[in-house]
Amino acid sequence: MSDRVRIDQLAAAVMEGLTEYADLAADELKKAVKKAGNSVKKDIQENAPKDTGAYAKSWSVKNVKETSNSIELVVHSGNRYQLSHLLEFGHAKRGGGRVPGKAHIAPAEERAEQTLEQEIEKALRG
């Protein structure tokens, strides 16, 4: 963009600048979301109950939808998804009593939200 803009070209010049900023901001936000998704996955894997380790290894990040200005990710346990709720919240034993839950998903989500907010603020500041 040049230093001088004629009055009849002002709207186009402002729009060009705003579009450029929006594209840069969208790219930075996408990076922050991907980083948060990978952070949640890693956090869950580190804090998941371990018997054989297969449950912890089953977690992955999946890109559900991506457009030019947005991205949706899902962090999930691919082949051990049935265990997630039981391990997180506990479950009844067959002979009576309960197995206590081990919260490993909710804390990871909370930490990721805080990290994502910080990353977004940092990206928008520039």
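Just so you know, in the stretch 55-80 the residues that are surrounded by 12 or more Cβ atoms within 10 Å (Cβ to Cβ), more than 30 Å from Ala22 (Cβ to Cβ) and not polar (S, T, N, Q) include one that is modelled with the lowest pLDDT, and it is Arg80. Listed by position, the strands (runs of 3 or more DSSP E) contained in the stretch 20-126 that have at least 1 residues being of a type in the set (Gly, Ala, Ser), in contact with a Lys or Arg (Cβ under 6 Å, 6 or more places away or on another chain) and without any contact (Cβ under 8 Å) to a residue 60 or more places away in the chain are 90-92. Comparison of Ala48, Ala25 shows that the only residue that is modelled with pLDDT of 90 or more, small (Gly, Ala, Ser) and in contact with a helix residue (DSSP H, G or I) (Cβ under 7 Å, 6 or more places away or on another chain) is Ala48.
The values are calculated or read from the model by the stated rules, or taken from the named source; none is laboratory data. Here the structure is a predicted model, which is why all the values come from computation and not from measurement. For neighbour counting, all protein chains shown are included, and Cβ atoms are generated from backbone atoms with ideal geometry for every residue, glycine included.
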